[in-house]
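The values are calculated or read from the model by the stated rules, or taken from the named source; none is laboratory data. Given the structure is predicted, the values throughout are model-derived calculations rather than measurements. Cβ: placed from backbone, ideal geometry, glycine included. Neighbour counts: every protein chain shown. Just so you know, the surface numbers come from the protein's heavy atoms only, side chains and all, with ligands and any DNA or RNA stripped out. Shrake-Rupley method; radii C 1.70, N 1.55, O 1.52, S 1.80 Å.
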Amino acid sequence: MLLTKIKISLLIVIFLVFAGCQSKKSSQAKNEKIKGLQAILTGEQLVDRSTQTPTDSSLYKNPELPVIDRVRDLLSYMTLEEKIGQMTQVDRQFLESDSVTPAASVNDIGTYYLGSLLSGGGSTPSKNFPKAWAEMYDGFQKIALSTRLGIPMIYGIDAVHGHNNVVGATIFPHQIGLGCTNNPQLVEDVNRATAVEIAATGIDWDFAPCLAVPRDERWGRTYEGFGETPDIVKIMAGAAVKGLQSDQLGNPTSILACAKHFIGDGGTVWGTGMNKKIDRGDTRVTEQELREIHLPGYLHALEAGVGTVMASFNQVNGDHCHGNKYLLTDLLKKELGFEGFVVSDWEGIDQIEGDYKFDIITSINAGIDMVMVPGAAKWGGQKYTDFINLCIEAVNEGFISERRINDAVARILRIKFKMGLFERPYSDKSLLSKVGSKEHRKIAREAVRQSLVVLKNDGVLPLPKDLGHIHVAGKNADDLGNQCGGWTITWQGESGPLTKGTTIYEAIQIAVSSFTNVTFSKDGSGAKGADIGIVVIGETPYAEMEGDRESLALDKKDLAVIGRIRKAGVPVVVIIVSGRPLMITDELDKWGGVIAAWLPGSEGKGITDVIFGDYNPTGRLSVTWPRNMAQIPINFGDTDYDPLFEYGFGLSY
Ligand code: GLC
């Protein structure tokens with residue numbers, strides 16, 4: 001009897017344990033389903049209409065229907081070639097046949113059902129003015145719409161401080177300066193104005209905001225981040241996304257935003273990057289550090305509804321982000337519920353170890369939805385036809401599942417429907433007058449004023465406007481290209497009058513009274529007798545790995561300019577135009593006033609507003625200003641934290 005009782009209770013225990021496991025499994029299965037699109041798609045066998053031709057009454061063409069119904073309907077018509085085409089992004093420059101890509105043609109947009117085009121930095125139409133961009137865009141779109149299913153392409157560009165590839169566009173301060181404003185509303189306004197200028201050229205997608213948290217100023221992309229703490233990045237992330245996308249995708253000038261580069265681009269270690277420097281290197285962090293330092297910006301961007309995320313070139317603890325399923329799918333899509341789509345960086349999948357087909361399989365299975373191929377063997381990259389053919393092969397061989405492809409394509413289509421691209425696929429040329437408008441330049445001038453940080457003032461500032469003689473000097477005093485920095489008209493940016501704007505020297509001439517004598521010399525000669533010397537020094541333009549520098553010492557030529565003016569017995573105010581802090585400790589006591597102007601962009605009058613006291617400076621450092629190179633990396637919150645100027649420092653009058 002006792003034995004029977006034991007047997008029965010054992011059976012009950014086994015049953016309870018089994019039932020528990022089952023419910024755990026089913027709840028796990030429930031969790032398995034990625035929220036949103038995939039959940040719907042795996043819940044049903046897609047109807048296969050790929051051999052049918054849609055009619056005007058096909059569901060996906062009806063804007064009144066819910067987006068998910070349009071996605072499901074359109075997907076059912078798509079062949080594998082059309083699906084892979086949607087996942088392919090090509091730079092416009094590789095559609096022009098040349099010696100390296102003789103066979104290329106704009107008609108490839110239709111032949112390969114390309115879902116997206118881009119302009120990489122400097123990839124501009126031969127005539128670089130706003131109307132030419134809009135006409136170029138419309139020409140590409142017409143070809144995309146001529147395909148069997150008429151799916152509009154989406155065009156991406158790096159408008160990271162205004163619509164910076166376009167001559168005549170307003171150039172705003174780079175994000176390091178915006179971080180020093182501590183003003184999210186201003187950041188939203190800057191991005192809203194940028195969005196209008198982008199929309200005026202037809203373009204729909206901005207690879208911005210960069211949510212890097214730069215922890216080592218030697219990194220060439222330091223200026224692309226808002227600052228060195230998650231606190232400053234997270235308050236700006238949502239504002240930037242809201243500015244670009246407006247309160248919802250699909251509004252007339254709403255531009256699809258792209259939180260980048262996921263994840264940890266600002267945390268790489270010197271010596272692990274390209275050319276043994278730091279860009280695209282290895283971010284060595286614990287899971288906790290990754291989540292505390294590099295993730296918060298993305299949480300706020302997701303909360304603001306950002307439609308895309310760009311994968312990052314760096315590795316995290318040796319693992320390439322582009323092939324990291326934990327980061328791209330488990331963390332971003334499952335845990336955080338991201339339902340937009342993930343785009344690779346430029347040839348980003350190529351850096352994964354292994355041959356190109358392996359890169360494709362690894363990255364798409366990790367969670368990349370669209371691949372910025374971007375085009376051709378011109379720079380040793382892959383041709384977009386290689387990507388397409390190898391991807392189709394990988395699916396047919398079962399290395400990439402149809403389900404994964406459907407998820408990626410559904411994510412892309414969902415965004416295109418939400419953006420209203422099917423209903424409004426062409427540019428709105430009525431917006432063209434907004435590009436570089438007075439109204440936008442006013443916003444940029446305000447952003448410049450609020451971004452400046454006064455580091456030293458022995459009482460010399462603000463300067464009176466009626467001084468007898470002001471001498472202006474330095475390589476960055478009368479050089480619009482230098483004050484704009486990288487990502488301006490070309491990828492690297494360049495010195496000289498490369499677009500429309502006001503240099504600092506021009507702004508000084510405008511600001512002072514008519515009888516003030518303003519003289520200028522780049523090298524500092526001829527200053528004798530001046531009441532004050534305003535010397536504008538710093539860095540010349542660079543972008544990405546080209547800006548990685550082992551030393552951030554001042555340019556010797558800059559020191560010589562200052563030396564000449566001081567030798568003439570003239571006191572100096574020094575303005576530093578640079579993408580990051582430079583080493584000024586040994587010179588500081590010789591200078592009366594010092595202003596960090598970062599990379600202010602086209603509106604130099606924002607600087608004279610501060611110099612001459614029309615605006616009482618409010619800027620506060622969003623990055624620590626190191627005492628010397630030995631301190632780097634040095635960040636707010638470090639234990640032995642003893643910089644020259646600490647995070648949050650800034651003087652007012
Ligand atoms: C670049 C950058 C990325 C940019 C992309 C397209 O290499 O890493 O920020 O959006 O390529 O230009």
All but one of (1) in a helix (DSSP H, G or I); (2) under 24 Å from the mean Cα position of the chain (by Cα); (3) modelled with pLDDT under 95 hold for Gly381; state the number of the condition that does not hold. (1)
Being open to solvent by 20 Å² or more (accessible area, probe 1.4 Å), modelled with pLDDT of 95 or more, part of a helix (DSSP H, G or I) and outside the structural domain of Tyr542 (by TED's automatic domain parsing) is the requirement here; does Arg424 meet it? no
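Counting just the residues of the stretch 73-97 that are hydrophobic (A, V, I, L, M, F, W, C) and in a loop (DSSP other than H, G, I, E, B), which one comes out farthest from the chain's Cα centre (by Cα)? If you could, list the steps in order and put the result at the bottom.
Here is the first cut: in the stretch 73-97, the ones hydrophobic (A, V, I, L, M, F, W, C) are 74-75, 78, 80, 84, 87, 90, 94-95.
Filter again for in a loop (DSSP other than H, G, I, E, B), leaving 78, 87.
Details: Met78: 32, Met87: 20 Å.
Per the criteria, the residue is Met78.
Specify which of the listed residues (Glu335, Glu353) is of a type in the set (Asp, Glu) and over 22 Å from Gln382 (Cα atoms).
Values: Glu353 fails: over 22 Å from Gln382 (Cα atoms).
Checking each option against the conditions leaves just Glu335.
Okay, residues lined up against (1) within 16 Å of the ligand (Cβ to nearest atom); (2) open to solvent by 10 Å² or more (accessible area, probe 1.4 Å); (3) not aliphatic (A, V, I, L, M):
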{"residue": "Ile176", "(1), (2), (3)": "yes, no, no"}
{"residue": "Glu197", "(1), (2), (3)": "no, no, yes"}
{"residue": "Asp204", "(1), (2), (3)": "yes, yes, yes"}
{"residue": "Asp231", "(1), (2), (3)": "no, yes, yes"}
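Working carefully through the options Ile405, Ile400, Ile470, find the one that is free of Cβ contacts under 8 Å to residues at least 60 places away in the same chain, over 17 Å from Leu117 (Cα atoms), buried (at least 20 other Cβ atoms within 10 Å of the Cβ) and of a type outside the set (Lys, Arg).
Details: Ile405 fails: free of Cβ contacts under 8 Å to residues at least 60 places away in the same chain; Ile470 fails: free of Cβ contacts under 8 Å to residues at least 60 places away in the same chain.
Matching residue, one of Ile405, Ile400, Ile470: Ile400.
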Quick one: Arg215 ticks every box in (1) assigned to a loop (DSSP other than H, G, I, E, B); (2) in contact with a Lys or Arg (Cβ under 7 Å, 6 or more places away or on another chain) bar one, so which box is it? (2)
Can you tell me which of (1) within 16 Å of the ligand (Cβ to nearest atom); (2) at pLDDT below 95 is the one Gly354 doesn't meet? (1)
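Residues of the stretch 478-502 being closer than 29 Å to Asn517 by Cβ and in contact (Cβ under 8 Å) with a residue 60 or more places away in the chain, which ones? If you could, list the steps in order and put the result at the bottom.
Initially, the stretch 478-502 is screened for residues closer than 29 Å to Asn517 by Cβ, giving 478-484, 495-497, 500-502.
Residues satisfying the conditions are Leu480, Gly481, Asn482, Gln483, Cys484, Lys500, Gly501, Thr502.
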Might you check whether a residue that is within 16 Å of the ligand (Cβ to nearest atom), of a type outside the set (D, E, K, R), within 29 Å of Leu413 (Cβ to Cβ) and surrounded by 20 or more Cβ atoms within 10 Å (Cβ to Cβ) occurs anywhere in the stretch 141-149? no
Residue in the stretch 103-121 that is within 16 Å of the ligand (Cβ to nearest atom), in the same structural domain as Gly307 (by TED's automatic domain parsing) and open to solvent by 10 Å² or more (accessible area, probe 1.4 Å) present: yes
Qualifying residues in the stretch 505-554 (those that are in contact (Cβ under 8 Å) with a residue 24 or more places away in the chain, farther than 24 Å from Met274 by Cα and assigned to a helix (DSSP H, G or I)) - the one most open to solvent (accessible area, probe 1.4 Å): Ile510
Limited to the stretch 29-60, what total is found for residues that are within 21 Å of Gly340 (Cα to Cα) and at pLDDT 95 or above? 1
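His163 - would you say it is out of contact with any strand residue (DSSP E or B) (no Cβ under 9 Å at 6 or more places or on another chain) and within 16 Å of the ligand (Cβ to nearest atom)?
Details: out of contact with any strand residue (DSSP E or B) (no Cβ under 9 Å at 6 or more places or on another chain): no; within 16 Å of the ligand (Cβ to nearest atom): yes.
When the stated conditions are applied, His163 does not pass them.
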Residues of the stretch 206-220 being in contact with a strand residue (DSSP E or B) (Cβ under 9 Å, 6 or more places away or on another chain) and within 16 Å of the ligand (Cβ to nearest atom), which ones? Asp206, Phe207, Ala208, Pro209, Cys210, Leu211, Ala212, Trp219
